[in-house]
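The values are calculated or read from the model by the stated rules, or taken from the named source; none is laboratory data. Computed from a prediction, not measured in an experiment: that's the story for all the values here. FYI the Cβ positions are ideal-geometry reconstructions off the backbone, even for glycines, and counts take in every protein chain you see. Each accessible area value is taken on the protein alone, full model and side chains, heavy atoms only, with ligands, DNA and RNA left out. Shrake-Rupley method; radii C 1.70, N 1.55, O 1.52, S 1.80 Å.
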Amino acid sequence: AVDPTKADAVRFGKIVANVEQFHSDNNLRDARLRQDFLQSHEHPLSSFTVTKVSGLPAQLTKGTAYPFTMDGQATVHEVTKPIQW
């Protein structure tokens, strides 16, 4: 949720991705990543919970791109660690 007049108060919900659906331009690589590294058949969902957002100005202008950083907790393969995105 973003109020353009109070962008520094932005809020995010939990972001969930189905890693079984990850695809690139190489089917063999995709299968290997999903099976051997992500074990996505047993652990199909990964998530990211945002705990802090930085780099946004107080107000946003429509049509302008703003780089920003999200800190939070990522859970992959049932292991949770802090990350910055």
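Overview of values
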| item | result |
| --- | --- |
| Fluctuation leader among T64, T49, T75 - the chain, Gaussian network, Cα springs under 10 angstrom | T64 |
| Candidates per trypsin sites (Lys or Arg not before Pro) in the stretch 1-50, loop by DSSP, up to 16 other Cβ within 10 Å | K6, R11, K14 |
| Residue-normalised accessible area of the chain, expressed per residue, 1.4 Å probe, Å² | 76 Å² |
| Accessible area (Å², 1.4 Å probe, nearest 10) - S54 | 40 Å² |
| T61/I83 FRET efficiency (R0 22 Å; Cβ-Cβ; nearest 0.05) | 0.15 |
| Helical mean residue ellipticity (222 nm; -39500 (n - 2.57) per DSSP H run of 4+; nearest 500) of the chain | -1500 deg cm²/dmol |
| Percent accessible area from carbon and sulfur atoms, the chain, protein chains only, probe 1.4 Å | 55 percent |
| Lysines whose Cα lies under 22 Å from that of K6, excluding same-chain neighbours fewer than 8 positions away | K14, K52, K62 |
| Alpha-carbon radius of gyration plus Dmax, which is the widest Cα pair, for the chain in Å | 16.4, 47 |
| Estimated distance in nm for a label pair at A1 and R29, the labels positioned 7 Å out from Cα along Cα-to-Cβ | 4.0 nm |
| Selection from A7, T49, W85 lying farthest towards where the dipole of the chain points positive, charges on Cβ | A7 |
